[in-house]
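Student: Dumping the structure here so I can ask a few things about it.
Quick note: the coordinates plus some simple rules give every number you see, no bench work behind them. As the structure is a prediction and not an experimental result, all values here were calculated from the model. FYI the Cβ positions are ideal-geometry reconstructions off the backbone, even for glycines, and counts take in every protein chain you see.
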Amino acid sequence: MKQFKKSLLIIGLCFLMIGCTNDAMSKVTKKLQDAGYDISYLTDDFTAVNITKTEKDKDRIQFCAYLEKKVVTSISYIVLPADNSNIDKTIIGFIYVDKNDDNIISESAQKEAKKILKKLDLSIDDLVNYALQVHEDKGKSLNS
């Protein structure tokens, strides 16, 4: 009987942890979608979680988390100016890099990304965890 109670407790704890994880993921998805971002899970040439905001039929802001196995190797951040004549105002760079990755964090891109994420009440760590969760369910949660 003691073993049975212990098993129930473990199952209950696992359920709670999974439920919390899915709840946290759905909250981040909602925040991003409410702010006008589209989220996609890509598995063609590489595996990535792509978070894109389109304005005037043009992709303007993009976070792209690249994954290998169960690790986010890097997150790139791209901002294109609304006006093509201001191409020098383009922001592009890595805002997160795993310790085993060769890419280098761009301080200026990271600073700008943090401003955008702060408005959404998110952090770079939140994006890393979110990308991992989307990857774990192979993007299925994005379609529900």
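Student: Using a 10 Å cut-off around each Cβ, can you sort S108, S74 from fewest to most neighbouring Cβ atoms?
Tutor: Numbers: S108 11, S74 22.
Starting with the residue having the fewest Cβ neighbours, the order is S108, S74.
Student: What relative contact order, as a whole-number percentage, does segment 55-141 give when Cα pairs under 8 Å and 6 or more residues apart are counted?
Tutor: Reported as a whole number, the value is 23 percent.
Student: Sticking with this structure for a sec: Contour minus end-to-end for T43 and D98, with contour as 0.36 nm per residue of separation and end-to-end as the Cα-Cα distance?
Tutor: 17.8 nm
Student: Net charge within 14 Å of A24 by Cβ-Cβ distance, Lys/Arg positive one each and Asp/Glu negative one each, not counting A24 itself?
Tutor: Charge balance near A24 sits at -3.
Student: Another question, then. Taking 0.36 nm per residue of separation and subtracting the Cα-Cα distance, what length does fully extending K69 through D57 add?
Tutor: Taking K69 through D57 to full extension adds about 1.0 nm, to one decimal.
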